[in-house]
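Notes to accompany the following structure.
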Amino acid sequence: MSLDLFSILKDWPFEPGHIKARIIEGDDGEPKIQVRLDLGMIQMAMEGRPDGQRPNGYGSYLEYYESKLDRSEIEGGEAGAEVVEGFSLSSEDCRLLREEAAQYYHRYVALMVLEEYEGVVRDTTRNLRVMELCAAHGETESDRTGLEQFRAYVTMMRARAMASLAIKQNEPRAAVHALDEGLTALRQHFSDRGQAQMFDSSSEAEMLKGMRDALVPKLPVSQGSELRRRLQRAIEQENYELAAILRDEIKNLKDAGPRAT
């Protein structure tokens, strides 16, 4: 069997500026994702860890370290909180988690291009779990914060995929709700970093706002009163970030004309 990839690559040319991805059937009968690169291609499993490996017998390093944390919590319940508080991830542990997260990043970007939105939600949710685990248990400051620079992007992609899936299922209300939640999470993220002023100008927020602005005029007539009820509830609960988002949605509904009254 020839190891030369040229015959495969010439029939699937690279296009600069475009992400070319496809799903093929592997020799094992399972679907695989292929992404064309300028100097070749990468291939990933559709399920589980993208490279198909099972580190330490687990589906991923994330599952392995989460299992260790679970065992520490059980032991902590029996022996006292000191056991749980003593659980930590070394710099090597965090490096393995970061490198693994990069694999999932390549897959969910390809899945987004392929409009496989459920897979995007799965993989972005998973990478957010990695961030939480490292932030809570990394031994050093760099281990705890190393992935935070990507949180806004991953949050945006998750919300975008959830909204796209809802649109595909003809559920515009659910799509707007997913975008609302994504914007709220982004606002909280920038606030937690002491960069609240960066929310409005962030490319991630602009992407979600753009999707929401396109969706609001398509909402059913009853959505206007529902939004006003949600706004009142948000004000009563002093959730001013959500209230600001809802005011914008109500304004967009009014601008849309009689359909939105």
Cross-link reach from K10 to lysines, straight Cα distance under 19 Å and at least 8 residues apart if same chain, gives K20
Computed for region 106-261: size of charge dipole around the Cα centre, +1 on C-beta of each Lys and Arg, -1 on C-beta of each Asp and Glu, debye to nearest 20, value 600
Quick calc, region 160-241, dipole around Cα centre from Cβ unit charges on Lys, Arg (+) and Asp, Glu (-), nearest 20 debye, gives 300
If amide H atoms are modeled at 1.01 Å from N in the peptide plane, then the residues at a separation of 5 or more from G26, or on another chain, having amide H under 5 Å from its own are K32
Simple SL model, points at 7 angstrom along Cα→Cβ for D200 and L5; separation in nm is 4.7
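Lys and Arg at +1, Asp and Glu at -1: add these up for the other residues within a Cβ distance under 14 Å of Q149 and post the number. Spell out each step's value before the answer.
On the way: positive: R98, R144, R151, R193; negative: E141, D143, E148, D192, E204.
So the environment of Q149 carries a net charge of -1.
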Toy charge model, Lys and Arg Cβ at +1, Asp and Glu Cβ at -1: region 1-74 dipole around Cα centroid in debye, rounded to 20, equals 160
Placing +1 on each Lys and Arg Cβ and -1 on each Asp and Glu Cβ in the chain, then taking the dipole about the Cα centre, the residue among L242, M157, P50 whose Cα reaches farthest towards the positive end is L242
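If we count every other residue with Cβ under 11 angstrom of G119's Cβ, Lys/Arg +1 and Asp/Glu -1, where does the sum land? Please list the in-between numbers first.
Values: positive: R107, R122, R126; negative: E47, E115, E116, E118, D123.
Residues close to G119 contribute a combined charge of -2.
Quantify, in whole percent, the carbon and sulfur part of the accessible surface of region 1-112 (1.4 Å probe; protein heavy atoms only).
Numbers: 3550 of 6880 Å².
Summing carbon and sulfur atoms, their accessible area is 52 percent of the total for region 1-112.
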Dipole check, the chain, charges on Cβ (K,R +1; D,E -1), about Cα centroid: among G17, L37, S60 the Cα furthest to the positive pole belongs to G17
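At a Förster radius of 25 Å, what calculated FRET efficiency corresponds to the Cβ-Cβ distance of F14 and D51, to the nearest 0.05? Show your work: numbers first, answer last.
Values: r = 22 Å, r/R0 = 0.88.
Calculated transfer efficiency: 0.70.
List, in the order given, every pair from K68/K168; K32/K218; K168/K209 whose Cα-Cα distance in the structure shown is over 29 Å. Show your work: numbers first, answer last.
Details: K68/K168 39 Å; K32/K218 36 Å; K168/K209 19 Å.
Exceeds cut-off: K68/K168; K32/K218.
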The chain, Gaussian network, Cα under 10 Å: of Y104, Y240, Y153, the residue fluctuating most is Y240
Residues other than P16 with Cβ under 14 Å of its Cβ, Lys/Arg counted +1 and Asp/Glu -1, net out at 0
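Which semi-axes, in whole Å and largest first, does the equivalent ellipsoid of region 1-141 have when worked out from the alpha carbon gyration tensor as the square roots of 5 times its eigenvalues? Provide the component values of the computation, followed by the final result.
Details: eigenvalues 271, 44, 37 Å².
Semi-axes, largest first: 37, 15, 14 Å.
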With the 1.4 Å probe rolled over protein heavy atoms, region 65-221 has an accessible area per residue in Å² of 49
Quick calc: nm separation of the 7 Å Cα→Cβ label points for T145 and L37 -> 3.1
Mean Cβ-within-10 Å packing, highest first, puts peptides 185-197, 22-34 in the order 185-197, 22-34
With Cα springs under 10 Å, the Gaussian network model of the chain assigns the largest mean-square fluctuation among E226, E66, E241 to E226
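The values are calculated or read from the model by the stated rules, or taken from the named source; none is laboratory data. Small disclaimer: the values here were computed from a predicted structure and weren't measured. Every residue, glycine among them, receives a Cβ derived from its backbone with ideal geometry; neighbour counts consider all protein chains shown. The area values use the complete protein model at the heavy-atom level, side chains included, leaving out ligands, DNA and RNA. Shrake-Rupley method; radii C 1.70, N 1.55, O 1.52, S 1.80 Å.
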